[in-house]
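Below is one structure, written out as structure tokens; comments come after it.
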Amino acid sequence: MNGGDRKKLAEAVEKGPQREREHRVLVLTNTYAPHKVVTWDRAITMIYTDKVEVVEDTGEVIYRGKDGHVVHMPSVVRLKKAPPRMKRAVKFSRMNVFTRDQFACCYCGRPKKMSELNYDHVVPREQGGKTVWENIVSACYPCNSAKANRTPEQAGMRLLRRPVRPHQLPMMGPRFDPREIDESWVPWVRDYFIREHVA
Ligand SMILES: [Zn+2]
């Protein structure tokens, strides 16, 4: 696309109907994991600054150049490079511990809502346990209080998996409510749906 076309496309985007203003585009990481959701005009900018490539479009023509160049409305795009924040270490936080543990208790294995999970020191602080990735697990309140200030061995409980420091969170990226997403996104975000937990 040449400079003139680019300018005309920018104008077409500027004048786009209000209905289309609300059209959102799913941005995938370079490894096809959901990254974020942007407005369609932002997605167009990302396409023409070569940051992303189009994975899916709606088929709707939003610009037709004199040379026959046609631009379709994108619905899913993919970053050409890894997003910068994924190269950094995963921040230690309550939310990220729950995410690493896939919102399930590490003692009974039951999936839980965030409000039903607690942060458990495997080796209790009283016994020198630190607040680090390798010593913190997600636990439901019943398991957490059954364990009390003891190690799993002392409490006669089994830790389902050793806590580790994650290099990358398994479910990093936005969470999606299946009722509110575009149909074309489904194949890309189905593992990222907000889980409706049953205790
Ligand atoms: Zn539990």
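Distance cut-off 18 Å, Cα to Cα: go down the list 8/81; 8/66; 51/91; 51/81 and report the pairs above it.
Table pairs above 18 Å Cα-Cα are 8/81; 51/91.
So if we plug the beta-carbon distance of residue 115 and residue 150 into 1/(1 + (r/R0)^6) with R0 = 41 Å, what FRET efficiency do we get, rounded to 0.05?
Working from the Cβ atoms, E equals 0.95.
7 Å from Cα along Cα→Cβ at both residue 67 and residue 45: what's the point-to-point distance in nm?
2.4 nm
Label segment 62-144 by shape, choosing from rounded, prolate and oblate, from the square roots a ≥ b ≥ c of the eigenvalues of the Cα gyration tensor; if a/c is under 1.5 it is rounded, and otherwise prolate applies when a/b is larger than b/c, oblate when it is not.
prolate
In nm, to one decimal, how far is the modelled label at residue 30 from the one at residue 8, with both set 7 Å along Cα→Cβ?
In this crude spin-label approximation the distance works out to 3.4 nm.
Quick one: which residues, 5+ away or cross-chain, put their amide H under 5 Å from the amide H of residue 72? H built at 1.01 Å from N.
Amide H neighbours of residue 72: 62.
Roughly what would the spin-label model give for residue 164 and residue 134, points 7 Å off Cα along C-beta, in nm?
That separation, rounded to one decimal, is 1.3 nm.
In what sequence, highest mean first, do 107-117, 136-146 appear when ranked by Cβ atoms within 10 angstrom?
Output ranking for 107-117, 136-146: 136-146, 107-117.
Just so you know, all these numbers are worked out from the coordinates, no wet-lab data involved. Given the structure is predicted, the values throughout are model-derived calculations rather than measurements. Using ideal geometry, Cβ is built from the backbone for each residue, glycine included, and neighbour counts are taken over all protein chains shown.
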